[in-house]
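Below is one structure, written out as structure tokens; the observations come after it.
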Amino acid sequence: MSGYWAGILSILAINVVFAYGIFLPVATGQLNLGGAGFQAIGAYAAAYLSATYGFAVPVTIGVGIVLAGVVGFLVAFPILGMSGVYLVLATFAFAEVVAGLILNSETLGGAIGLSVPAYVDYQVPLAAAFVVTLFVFYLMSTRFGLVMRAVHDDAVVSDLMGVSVRGVKVCAFAIGAALAGLAGGLYAHTFNFVEIQGFNALMSIYVLLYVLLGGTQTAWGPLAGATFFTLLPEGLRVAVPA
């Protein structure tokens with residue numbers, strides 16, 4: 001396979017993983033516009049551990065997943081007390097705070113970024129995307145997935161029926177943050193370089209659009225949205241040559 005198509009498949013796989021990370025909170029009615037912040041946490045954790053300590057790729061990506069998930073769990077409590085546009089603005093502000101902290105951190109390379117010595121070929125992101133897709137399909141078929149849909153449809157009635165609405169939202173948000181961290185770790189080791197400009201507000205908007213346009217109440221939505229919008233520019237490039 002040519003390097004061009006290997007790169008396209010890697011980007012597609014990373015986008016699918018990232019989209020599922022945003023899908024889970026959206027499936028409970030939370031519009032998360034801070035996805036780039038969690039992706040940056042996973043990417044920089046993997047990059048720093050690889051560049052500084054030479055840890056193996058599974059370790060660096062694993063730490064990125066855990067760190068992003070823990071941060072997502074901690075910030076979920078104050079953020080999820082909000083709703084509507086306030087929740088959107090709060091998650092967006094979180095991503096900007098993460099970007100600002102990294103940008104002003106000499107340890108993490110600041111505006112220059114970090115080089116990542118360990119490289120993974122396109123098969124690794126593809127395998128990760130396959131596993132994440134199966135995991136989300138399974139999750140949405142369980143009782144927890146049913147509860148997530150119920151909270152999305154009517155949180156008040158779900159609460160009256162004995163559902164811990166706050167607990168469901170926090171779990172979905174934290175798992176989604178961990179998946180976004182996985183996407184970040186894969187990004188770091190696929191492109192061997194991270195810079196905070198790559199995890200900007202447009203990235204958060206794009207991945208949220210993948211989910212919203214693909215469908216928020218079916219696990220097929222993120223897969224369809226990410227695939228369509230990742231491959232569309234390439235198709236147009238072939239169909240409409242410059």
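In table form, for the structure just shown:
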read-out: Order of exposure, largest accessible area first, which applies to 166, 149 with probe 1.4 Å; value: 166, 149
read-out: Length gained when the stretch residue 82-residue 193 is fully extended (0.36 nm per residue, less Cα-Cα span); value: 36.4 nm
read-out: Debye, to nearest 20: dipole size of the chain, +1 on Lys, Arg Cβ, -1 on Asp, Glu Cβ; value: 280
read-out: Mean accessible surface per residue for region 1-146, computed with a 1.4 Å probe while every protein chain stays in place, in Å²; value: 45
read-out: Residue among 145, 51, 117 farthest towards the positive dipole end of the chain, charges placed on Cβ; value: 145
read-out: Candidate values (i) 17.9; (ii) 23.1; (iii) 20.3, label of the one derived for Kirkwood radius over Cα pairs in Å; value: (i)
read-out: Cα gyration tensor shape of region 107-242, rounded if a/c is under 1.5, else prolate or oblate by comparing a/b with b/c; value: prolate
read-out: Solvent exposure, largest accessible area first (probe 1.4 Å, DNA, RNA and ligands not counted), of 240, 98; value: 240, 98
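The values are calculated or read from the model by the stated rules, or taken from the named source; none is laboratory data. The model shown is predicted, which means the values in this text are computed figures rather than measured ones. Note: ideal-geometry Cβ built from the backbone for every residue, glycine included; neighbour counts use all protein chains shown. Areas reflect the complete protein model, heavy atoms only, side chains present, ligands, DNA and RNA absent. Shrake-Rupley method; radii C 1.70, N 1.55, O 1.52, S 1.80 Å.
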